[in-house]
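The values are calculated or read from the model by the stated rules, or taken from the named source; none is laboratory data. No experiment lies behind these values; they were computed from the predicted model shown. For neighbour counting, all protein chains shown are included, and Cβ atoms are generated from backbone atoms with ideal geometry for every residue, glycine included.
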Amino acid sequence: MAIPISQYNTDVKNSWCMGCGNYAIHIAMKKALSELDIVPNQTFISFDIGCNGNGADKIKVNAFKGLHGRSIPLAIGSHLANRRMTVIATIGDGGCLHEGLNHLIHAIRSNYDITILIHNNQNFALTTGQATATTKEGKRMYALPDGRPEREINIGELVLGSKPSFFARGYSGDPLQLTEIIKEGIKHKGCSVIEILQVCTTYNKESTPQWFTERIEKLESPALDLNNARDAVSMDEKIKTGIIYKNDSIPTFYDRLQNRKDLSTELVDEVKQYDISKLLKKFK
Ligand code: SF4
């Protein structure tokens, strides 16, 4: 029997705006953990600064809210220390594609066995709607009254360019599909990157639920290869959601790590206490 979702709840009240996509994403994350029977104390979720990060105290797991854009290295550290934990990094498009962009690329390249949820609402919402790398070119934003001058980044193209082992795209307006995607991401052995198109009712008035509904098309099955996957991530006309690319043959970081090959312990089991009082005396 699955663990009841209520087991992941805390007493902290939600503070997101009315209609915010974070509600559905948060529920989908809890539902995925519940349906996979993953107990709260064996789950580590890292959050960074941003509206999504305000979910950190609303889920009863080992949650860590870190610096802006640094959610992914926190998740990697947890995974490297203890592979018994289910590890998820949640991060916004701002933190992920600005301060944290290097972390995303290296997590994919190393294929750590973690799941990364990128909440893409196309703006820095917590700081009142500044442009991020996914804000559409020409769009007028706070501090950019004449419109955004640069081209936007398509997260799918960026991720596929790094040859991932798993890339999916979900939508906050379809929490049931999103739950299934997150479950597949957690089950996948390797770095699962999931872009979540998120409604931001306060600072993204263009990408409304109606706008998404007119464009979203669900993929029946993942693309056969990276080239086909690249076609699927284009957002020019239709926006494809679902598991876009999956490659189970790429070894994980630990699979390649020769010096841990025959060990049955995790790094966390090997931590020892050392008496350094004599050493400290030398500095007095
Ligand atoms: Fe959600 Fe946008 Fe409000 Fe932030 S500002 S809580 S992302 S609706």
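Tabulated results
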quantity	calculated
Wholly enclosed strands (runs of 3 or more DSSP E) of region 43-137 bearing at least 3 residues within 16 Å of the ligand (Cβ to nearest atom) and surrounded by 23 or more Cβ atoms within 10 Å (Cβ to Cβ)	86-92, 115-120
Tally, over region 87-133, of residues that are among the β-branched types (Val, Ile, Thr) and on the phi > 0 side of the Ramachandran plot	1
Residues that are within 16 Å of the ligand (Cβ to nearest atom) and touching a helix residue (DSSP H, G or I) at 6+ places or on another chain (Cβ under 9 Å), drawn from region 138-167	none
Restricting region 195-222 to residues that are free of Cβ contacts under 8 Å to residues at least 40 places away in the same chain and polar (S, T, N, Q), the residue that is nearest to Asn154 (Cα to Cα)	Thr208
Any pair with Cβ under 9 angstrom, 6 or more apart, that starts in region 11-24 at a residue that is more than 13 Å from Asn123 (Cβ to Cβ) and of a type in the set (Lys, Arg) and ends at one that is more than 7 Å from the ligand (Cβ to nearest atom) and at pLDDT 95 or above	Lys13/Lys58
Residue, farthest from Leu197 (Cα to Cα), within region 145-156, restricted to residues that are over 16 Å from the mean Cα position of the chain (by Cα) and either in contact (Cβ under 8 Å) with a residue 24 or more places away in the chain or surrounded by 15 or more Cβ atoms within 10 Å (Cβ to Cβ) (or both)	Arg148
Subset of region 232-256 [under 17 Å from Ile118 (Cα atoms) and of a type in the set (Val, Ile, Thr)]	Val233, Ile239, Thr241, Ile243, Ile244
Some residue of region 186-200 being at pLDDT below 95 and surrounded by 15 or more Cβ atoms within 10 Å (Cβ to Cβ)	no
Residues (crowded, with 16+ Cβ neighbours inside 10 Å and away from the ligand (no atom under 14 Å from the Cβ)) located in region 1-26	Ile3, Tyr8
Test: Gly190 is outside any helix (DSSP H, G or I), free of Cβ contacts under 8 Å to residues at least 60 places away in the same chain and on the phi > 0 side of the Ramachandran plot	no
Whichever residue in region 1-36 is part of a helix (DSSP H, G or I) and of a type in the set (D, E, K, R) and, among such residues, is farthest from Lys60 (Cα to Cα)	Glu35
Residue that is surrounded by the most Cβ atoms within 10 Å (Cβ to Cβ), among those in region 202-227 that are of a type in the set (Lys, Arg) and not in a loop (DSSP other than H, G, I, E, B)	Arg215
Test: Leu279 is out of contact with any strand residue (DSSP E or B) (no Cβ under 8 Å at 6 or more places or on another chain), free of Cβ contacts under 8 Å to residues at least 12 places away in the same chain, loosely packed, with under 10 Cβ neighbours inside 10 Å and more than 18 Å from His119 (Cβ to Cβ)	yes
Pair list, Cβ under 8 Å, 6 or more apart: region 243-271 residue assigned to a loop (DSSP other than H, G, I, E, B), other residue surrounded by 15 or more Cβ atoms within 10 Å (Cβ to Cβ) and of a type in the set (D, E, K, R)	Asp248/Lys189; Thr252/Asp113; Thr252/Lys189; Glu266/Arg83
Members of region 42-83 that are in contact with a helix residue (DSSP H, G or I) (Cβ under 7 Å, 6 or more places away or on another chain) and under 14 Å from Ile186 (Cβ atoms)	Thr43, Phe44, Val61, Arg83
